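The values are calculated or read from the model by the stated rules, or taken from the named source; none is laboratory data. All values derive from a computational prediction rather than experimental measurement. Every residue, glycine as well, gets a Cβ built from its backbone with ideal geometry; the counts of neighbours run over all protein chains shown. Side chains are part of the model used for accessible areas, which takes the heavy atoms of the whole protein and leaves out ligands, DNA and RNA. Shrake-Rupley method; radii C 1.70, N 1.55, O 1.52, S 1.80 Å.
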Amino acid sequence: RDMGVHYTQPHTFHHGCNVHISITATKDSVDRLPVECLVGVCKKLAFSECFILKDSTEDVYVSSIELQRRDGVVSVIYEDNLSLDISFTRSQELHRYHGNHHYNNPSCASSPTECIRALHTFISQHSRTPLTELSPIVFHSPSSYKPLFGNLPVLVALVEHHATNQPTSGFMEILHEVSVKFYNQIATSYVDVDMYPHWVHGMTPVAERDLTESSWIYQYPRVLVFQLEDHKHSAFCRVVGKELGREELERFVEKFLEGMKMERCHGI
């Protein structure tokens, strides 16, 4: 999904955005990497917004690219006349949750097309924070979620709005800790149930959809896991609400990874 290309300095992360890409332009360059080519890349990036910072209309080449992630990680991933091998590996924070990827990095001066392709791949692979906020618009666009989640199963926590505003306490803190622990095995996300009640209503087992409002399926926080290629089957955690602590959440994830049985649901 195209989150937009802007020409002003970024300030805050909008809903559904994980990454800001700030591109500084210049009219003097060794690599001569065109700004317009990076604009094309920006429009293909999921969960991202791009900012082209220019001093004049003559600034047509890329001077530097800075990646700013929602979790506070900031890294300059490209500088004119500097090897991608250096710029891709100098930020330890960017690789905190997983090992360095191995790239066959081209020379941006001699192979601008391959250079841009490498930058797109690098940004896509490093955009996922341990915890991702989901919306139905983004989720139902495969071009948006596939670069972010890859082939990982997705854990979705259904959380009431007031809890999403307290990321460092209560259930959201537990969810973040668990998402870090299982980062390479499962993609962890959350949905604001007050913002998307109709969508959340479909995330229920078919066999128990007609239960009363007091049923566990209408209590939050509630957690389920599914595979990206199958939106009609999920594994449901039946420990909900205040009873859903770190130990229960970790046990649920571990059971899923060991082969927990999937149940038919109404559709995610």
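Numbers below:
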{"quantity": "Spin-label pair His140/Glu173, simplified geometry with 7 Å Cα→Cβ offset, distance in nm", "calculated": "3.7 nm"}
{"quantity": "Residues whose placed amide H lies under 5 Å from that of Glu263, excluding near-sequence neighbours", "calculated": "Ser234, Ala235, Phe236"}
{"quantity": "Lys/Arg +1, Asp/Glu -1 at C-beta; the chain dipole; positive extreme among His140, Phe226, Asn184", "calculated": "Phe226"}
{"quantity": "Rounded if a/c under 1.5, otherwise prolate or oblate - segment 55-108, Cα gyration tensor axes", "calculated": "oblate"}
{"quantity": "Solvent-accessible area of Leu82 with every protein chain in place, 1.4 Å probe, in Å² to the nearest 10", "calculated": "50 Å²"}
{"quantity": "Solvent-accessible area of Met195 with every protein chain in place, 1.4 Å probe, in Å² to the nearest 10", "calculated": "90 Å²"}
{"quantity": "Reachable lysines, given that their alpha-carbon falls under 17 Å from the alpha-carbon of Lys261 and they are not under 8 places away in the same chain", "calculated": "Lys232"}
{"quantity": "Proximal aspartates and glutamates to Lys181, defined as alpha-carbon separation beneath 17 angstrom and excluding residues fewer than eight positions away on the same chain", "calculated": "Asp71, Glu93, Glu173, Glu247, Glu248, Glu250, Glu254, Glu258"}
{"quantity": "The chain - share of DSSP beta bridges that are antiparallel (%, nearest 5)", "calculated": "60 percent"}
{"quantity": "Ellipticity estimate at 222 nm from DSSP helix runs (n ≥ 4, -39,500 (n - 2.57)) divided over the chain, nearest 500", "calculated": "-7500 deg cm²/dmol"}
{"quantity": "Probe 1.4 Å - accessible area at Asp55, Å² to nearest ten", "calculated": "150 Å²"}
{"quantity": "Sequence ranges 119-132, 157-170, ranked by mean other-Cβ count within 10 angstrom, highest first", "calculated": "119-132, 157-170"}
{"quantity": "Size of electric dipole in the chain: Cβ of Lys, Arg +1 and of Asp, Glu -1, about Cα centre, debye, nearest 20", "calculated": "500 debye"}
{"quantity": "Net charge contributed by nearby residues that have their C-beta within less than 15 Å of Lys242 (K/R +1, D/E -1)", "calculated": "-2"}
{"quantity": "Segment 139-260: relative contact order as a whole-number percent, Cα under 8 Å and 6+ apart", "calculated": "30 percent"}
